[in-house]
Each structure stands twice: as C-alpha cells, then as structure tokens.
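Working notes for the structure below.
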Protein chains: 2
Amino acid sequence: MRTGLTAMGAGGEFDRIRALLGSVPGDPRIRVGPGDDGAVIGDLVVSTDLTVEDVHFRRDWLTLEEVGGRAVTVALSDLGAMGAEPIAVLLSLALPDRDRALEAAAALGRGARAAAERAGATLAGGDLTRSPGPLMADVVAVGRTSDPVLRSTARAGDDLWVTGVLGGAAGAVEAWTTGSDPSPELRRRFTEPSPPLTLLRTLRARAGITAALDVSDGLLADAGHLAAASGLRARVETRRVPVDPALAAMGEADATRLALEGGEDYQLLFAAPRDARSSLEAPAVVRITRVGELLPGRGVVRVEPDGREVDVRGGGFDHFAGSAP
Amino acid sequence: MRTGLTAMGAGGEFDRIRALLGSVPGDPRIRVGPGDDGAVIGDLVVSTDLTVEDVHFRRDWLTLEEVGGRAVTVALSDLGAMGAEPIAVLLSLALPDRDRALEAAAALGRGARAAAERAGATLAGGDLTRSPGPLMADVVAVGRTSDPVLRSTARAGDDLWVTGVLGGAAGAVEAWTTGSDPSPELRRRFTEPSPPLTLLRTLRARAGITAALDVSDGLLADAGHLAAASGLRARVETRRVPVDPALAAMGEADATRLALEGGEDYQLLFAAPRDARSSLEAPAVVRITRVGELLPGRGVVRVEPDGREVDVRGGGFDHFAGSAP
C-alpha cells in the first residue's frame, strides 16, 4: 500500500491550499488567514490538522494511543511555530466499523489528552463519527499570543536556523516501508515527535526572530514555503544540516537525503537577522543550527559540500504526488 | 450501503463523546469545555464538525459544492446555538484518490466559502490531504460572544421551543435510501440547511433564554441532550411539533416520526421561562413553536395526541448504531 509518506514531488500541500482558499478579503477580525500555520483571531491562534490512516500512519506502525498523541503533538507544533501558548485541543474522530468504537475512541483520547496536558493544553471538546474507510483524526489546536510569528515576514539577508536534528521520522517510515523494523530510537522519532513548543517564545526574548514555521514536509520544502511566503529565495547549506544520529546505521548520503527531504520531524525552521548570531549560538537546552540564509529572489537552492549550487524543485512530502493531476 | 442517517438507537454520539473526553479539570482559561456545542475560550467559541462520505452524505445526493456548503453551515449552526457571532471557518479536507484533487478541493472550497460569507464569516485556513477511502471534511467554526448560551443551564419549569419546521432533511434521506427521489423542496432541506444563525442573539434581547442547542440528532434526542446537560427531564408534546409541510406527500404518522426522530434539520431547540411566552409568541421572521417543557427528573417523555405519555429511549441518529458494541 502506498503511504505517501516518502513520496516526493513538485508543488505541495501548502501551495494547493493557498490556491484553494485564496486570500482573506480584508476581514479586520482576522489578523492572519490562509497560508500560515494557523489563523489568528484577536490574540488567539487556531490551527487544524488532519491525520489519515494509511496516509500519515499505518496501524502496524503505532498504537491507537500513539496515534492520538501524535496527532495532538503535530497540531500543537503549529502553535509553537507561531510563538503561541497552547490552551486547548479539540479532537474529531472518524472511526472505522472494524474498530470497537468506544475502545478505540478511549485509546485515541487517552493519547490525545496526555499529549495535550504535557504541553499545558486541555482537551476541550470534539466530534465523533463512524468511517466506512480509514481512521481519521482532525485536531484543532487553540493557543494565545499577542504577537504571532509569521512565515511571511523574513527579510533578505536573514539567516535560516533549525532546531533539533532532522531525518529521523522519515528514516523510521523508510524502514517500515522497505520491510524492516526501525530501531527503537528511530521509531520514537516518528511515534513521539517532540516539537520545541516553548522555544520560540524564549528565543524571541533574546534575539529578533523574523519568521518561522515547523518542519513537517521536509527541510527543503519548508524552507521553500517560508521563502515563498516572504517573497525571498532560500539557500540551504547541505553540510550544515543537523542529521539525526539515529540514522547512523545508514550511509551518509541516505541520511543526509532524509534530513533534507524527509518530513514529519516537527522541528522549528526560523529566520533571524545576522546580528542575532552570537545570541542564538549561545548554549541552549535545545540544539539550534544555522543552516542557510534568505536572499532576494525566489525558490530554494541547495549548496552541496563541494560548493556546487543545485536548484531544488519540490523536495519534500506531497500528499498528492502520484495521484491524478 | 448503510448510511446511518436514518438509523435509530440508544446512546448516541453526544454521550459517547462525554465519556471519551470527560470533564475539563478546572482549566480557568476554558469557560466551556466538552459537552456543549463548542468550547469557549475567552470570548471566542470554537467548534469542530466532521462530515464523512457515506455516513453524512452520498455523492449521488449532492454536488461537491453542496457538500462544502453544507459542512460549513452545519458547523456554523453550533455557533448560532450558543448565541455567537460567526467570524472564521477553517476547512480540512481528505480527498479520495479517485477525485481530481484540485478540482474537488476547488468545488468544496467554493461551496464552503459561499456558505461562510452568507453567514458573515471568512474562510481563514485549513488542511488538505489525500484519503485512501471516503471524502472527509472537518470544519472548524470560530465565533464570538461575551455571554454564551449553554445546554446545561435550563431550569425546571422552563418551556421548550423549536425554530422552523422539522423532519424535512430526514425525509429527503429516507426518499434516497428507499430508492426514490425527494421533491426539489425536500432535497433542499438536506442540501441547504438554514439554521437561524442570528435568531438567538435577537431573541435574548426580548426574552430570557436559559439554554439552547441545535437539532442535529433529532428533536427527541436533542431534547434529551439538553435535559441531561441541565439535569432535567424533557416532556415533548407530539401534537405541537412543527412538521415540515414538504413532507405532506407522506402519511401523517411517518411525517410526525421524521419530525420527532429525524436529524440534520439544524433548527434551534431552546429553553425559556414560562413568563417569556407572550414575547416569544409575538410575530417573528422565523417561526418559533413551543413544543414542551422541562421538569425535575431525567430522560425524555413524548406526549401522544391522546395524552398518553411514552418514555423515549434513544430516538435520534446514532452514528454507531449497528456497529460493533
């Protein structure tokens, strides 16, 4: 069964949603609309995230409790990327007939509630229905910030930074889809992503952060999203990218490819002016790595270790790659 | 194919969600949590509503544009039932591989946007993914009110009122599922529900409304939900129930059954003290009918035209009726 998780392709979810939803026609009640991680209404940020069985996960990869927890963590990651404090989570479930509905809902709910509580949010409602097909979960995350960090406000000359290490979640998926089992450490990268939910708020106090988003579609793809939203060109230096040490068992080329193109790590990618380097390079609880910069222009360029520059087309997870055009 | 739409059963979605989500553990940031139409955070109401192909609709019943519009209208109905002003709608779509993804998303988005705009709300974001099974749409509706109307605050002795006429949407579904075509009027009851989104705010200015919800699962079932949330017993007088005139072609018994037990009409059911009768009975743009009352106790009782009282068990749409226990 095609999972889509490692499929690469041009275009991508983000651009399609923008095309679908268009721009907000000047509604003064809505500070930020389509195209960012969440909508901003007053001082609240609202984001919605769909998780679909056999697209985003498979039952033999993780337990229902892990599915619920992961769905919530991934949704909260959108809030973290806007610098918002998590408040509430709403969980909508469509449960297949083959499941014992109440048991499945309870397991998913347990995982969801635990993930919400770890982040300081409360599971505050939802919806529940049956599904004649796969299990689907939609998580609405609601957070608060008086000053959201957007994707669209980076400036030419800014550095690009990424938190944590990359490629682990995609490595686990690649193991599963090629018929092997990932190591327990690699498996956890997928089943229990750990987005730095409070980091952006902390960093902003000591450095000017100009723009941010979470790395869900892959570093190159998401660098492209940030650059496109800001009307800039992203330049990512391959040798700087923090490859997940849990990928050590595979060759360097494969590990680097996963770190550049694999999605689902839910680390932060953010832009900051050059003069913030010294404060961002100071020791921190979470690893922060400078991986590139933003320039006038458009698109994404990857700088190979030998200095060669390669234009990137797509490069990341496209939910519709391979489906009808 | 079983659609579930006309299935009746004990229990019901509402009670299961409460069991799943439990109560909010005293989070002061959340004024209203699980169990009402939406969560209330500050002065914002957030609700989430799943629409699943072959559970909530079938492709041969309505166009994708109508699916998008209906999903949004149904979600906004939750806001209307809390007396909130609609602000924003977020639309998450899982699109089957057999659809041409962008065309389907565009049609769903067009319908969703038009429905949002009719209600004074803006389509402000969403999510998009593929589905290996049915089409699913989750709509997040965000509204504002400083004083939400809840389900749980009715008082013994209050009257029960309902807006509009009932049974039409279920009549359309019954026609389709028994192999005939509903009349155009009846079809519209299902494809274009018209919840009175602003009425509750208007009525509150001239009468004390103590509690409300929208009639999604059927009048008897939703009277039960309001009564249960308020710790009361609902008494519904069959002869008072406003049966949809579009059901005139069928026998009176069937039409009354659909008006009592059919769901999906998205009219308002609300409670008000007896001394509000004269002001509520004054002529209004929207028909308002007194259908019963709330008493000490629990459960729902239906009063037959001959005065006989019948205890109601279930009586409404249960998404899981017939599935594994």
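Structure summary
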item: Residues within region A:27-65 that are at the interface with chain B (Cβ under 10 Å from one of its Cβ atoms) and farther than 15 Å from B:Val89 by Cα, tallied; result: 8
item: From the options A:Leu76, A:Leu102, residue that is crowded, with 21+ Cβ neighbours inside 10 Å and not charged (D, E, K, R); result: A:Leu76
item: Residue match in region B:40-58 (condition: among the β-branched types (Val, Ile, Thr), over 13 Å from the mean Cα position of the chain (by Cα) and at pLDDT below 90); result: no
item: Residue list for region A:141-193, filter: under 22 Å from A:Val40 (Cα atoms), among the aliphatic types (A, V, I, L, M) and touching a Leu at 6+ places or on another chain (Cβ under 7 Å); result: A:Ala141, A:Val142, A:Val149, A:Ala154
item: In region B:204-219, residue modelled with the highest pLDDT [restricted to those that are over 18 Å from B:Glu293 (Cα atoms) and more than 15 Å from the chain's Cα centre (by Cα)]; result: B:Arg204
item: Filter pass, A:Ala284 being small (Gly, Ala, Ser) and surrounded by fewer than 23 Cβ atoms within 10 Å (Cβ to Cβ); result: yes
item: Residues (assigned to a helix (DSSP H, G or I) and in contact with a Lys or Arg (Cβ under 6 Å, 6 or more places away or on another chain)) located in region A:46-65; result: A:Glu65
item: Enumerated strands (runs of 3 or more DSSP E) restricted to region B:66-176, each holding at least 1 residues that are at pLDDT below 95 and within 12 Å of chain A (Cβ to nearest Cβ); result: B:85-96, B:122-131
item: Extreme residue, nearest to the other protein chains (Cβ to nearest Cβ), among residues of region B:177-187 that are more than 30 Å from B:Ala282 (Cα to Cα) and part of a helix (DSSP H, G or I); result: B:Thr177
item: Only listed residue being under 24 Å from A:Val301 (Cα atoms), surrounded by fewer than 24 Cβ atoms within 10 Å (Cβ to Cβ) and assigned by TED's automatic domain parsing to the domain that holds A:Gly297, chosen from A:Arg235, A:Arg188; result: A:Arg235
item: Subset of region A:230-257 [under 22 Å from A:Glu309 (Cα atoms) and part of a helix (DSSP H, G or I)]; result: A:Ser230, A:Thr238, A:Arg239, A:Arg240, A:Glu252, A:Ala253, A:Asp254, A:Ala255, A:Thr256, A:Arg257
item: Residue among B:Thr163, B:Thr122 that is at negative phi and in the same structural domain as B:Asp222 (by TED's automatic domain parsing); result: B:Thr163
item: Cross-chain or 6+ apart pairs with Cβ under 8 Å, region B:72-86 first and within 19 Å of B:Glu264 (Cβ to Cβ) and in contact (Cβ under 8 Å) with a residue 40 or more places away in the chain, then polar (S, T, N, Q) and assigned to a strand (DSSP E or B); result: B:Val74/B:Thr51; B:Ala75/B:Ser47; B:Ala75/B:Thr48; B:Asp78/B:Ser47; B:Leu79/B:Ser47
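The values are calculated or read from the model by the stated rules, or taken from the named source; none is laboratory data. From a predicted model like this one, the values you see are computed outputs, not experimental measurements. FYI the Cβ positions are ideal-geometry reconstructions off the backbone, even for glycines, and counts take in every protein chain you see.
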